[in-house]
Amino acid sequence: MDYLFFDIECSEGKSICSFGYVLTDEFFCIKEKKDILINPQSYFHTGPWSKKAKDEGITLAYPVSEFKAQPPFPALYDMIKVLVKRKDTTIVTFSGDNDARFLNYACVRYHMPCFNYNFIDVQKIYQDIEGLKDQLSLEKMLTLFEIDIEDLVQHKSDDDAHITMLVTEALCRATGKPLKTLIKESKRAVCLSKTYMPKKKKQKTAEKTEKSEVKQPNTQKPAQKKVSAKKPA
């Protein structure tokens, strides 16, 4: 059994610009690591999300020009599909619902079949272990397990996937249990990508649109002017 850890970065919150992954064996020995850059065919939101927002926009690990020089998602669809549908491989993520939404959005956007895969969410496993209602961020998990990521770059997809692997490994070490056992003991560990489809925009129906465009005939009779007869001189 192998583990596939992957992470996705987007140019403006929904359009994929990188798919990074780390493939390991069940003992977390890395077999393969790669960052697949993608032309999002969208703008890059590097500024603040709003006038009142304190946080800046997205953080890029590469120059914008490097992303734009890459092929768009359809050209890399088969490569990503081979990874997420790989046999005897368990997909492990941290807050993987967002990544599932990004992939589903890309497939819908380009009119391509969604991958429909199962994945394990380490964030939810930790919530179940500690009985937490609130989600714990990846940064807090790094601090909690005292994980050194000095040689890794955050917001670089393959390195973020590597960080998820390190957190998962540390969690197994702290509990003294293999990941397989932690998955079985967690009620929310297993997630389905198809449950995270992008929301459809509300559109007017053709009937309503047609009614709004066609003017209704005026059924009222036009007012008749009163003609006053002149008195003879």
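The values are calculated or read from the model by the stated rules, or taken from the named source; none is laboratory data. Because the structure is a prediction, the values reported are computed rather than measured. Accessible surface areas use protein heavy atoms only, side chains included; no ligands, DNA or RNA. Shrake-Rupley method; radii C 1.70, N 1.55, O 1.52, S 1.80 Å.
Given a 1.4 angstrom probe, I'd like the percentage of the accessible area of segment 102-161 that is carbon and sulfur, rounded to a whole number. Let's see the in-between values first.
Working: 1610 of 3300 Å².
Roughly 49 percent of what the probe reaches on segment 102-161 is carbon or sulfur.
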For residue 195, tell me the accessible area in Å² from a 1.4 Å probe, rounded to the nearest 10.
90 Å²
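Once you sort the root eigenvalues of the Cα gyration tensor of segment 1-149 as a ≥ b ≥ c, which label holds: rounded (a/c under 1.5), prolate (a/b larger than b/c) or oblate (the other case)?
On the way: a/c = 1.67, a/b = 1.13, b/c = 1.48.
Oblate is the answer for segment 1-149, as a/c is 1.5 or above yet b/c matches or exceeds a/b.
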Give me a comma-separated list of calculated 3J(HN,Hα) values for segment 100-115, in order, Karplus coefficients 6.51, -1.76, 1.60 applied at θ = phi - 60°, integers in Hz, x for any Gly or Pro.
5, 5, 4, 5, 4, 4, 5, 5, 5, 4, 9, 6, 10, x, 6, 6
Residue 18 long-range amide H proximity, modeled H, under 5 Å
9, 38
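Over segment 25-171, what is the mean sequence separation of C-alpha contacts under 8 Å (at least six apart), divided by residue count, expressed as relative contact order in percent?
22 percent
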Given a 1.4 Å probe, the accessible area of segment 110-163 per residue, as a whole number of Å², is 57 Å²
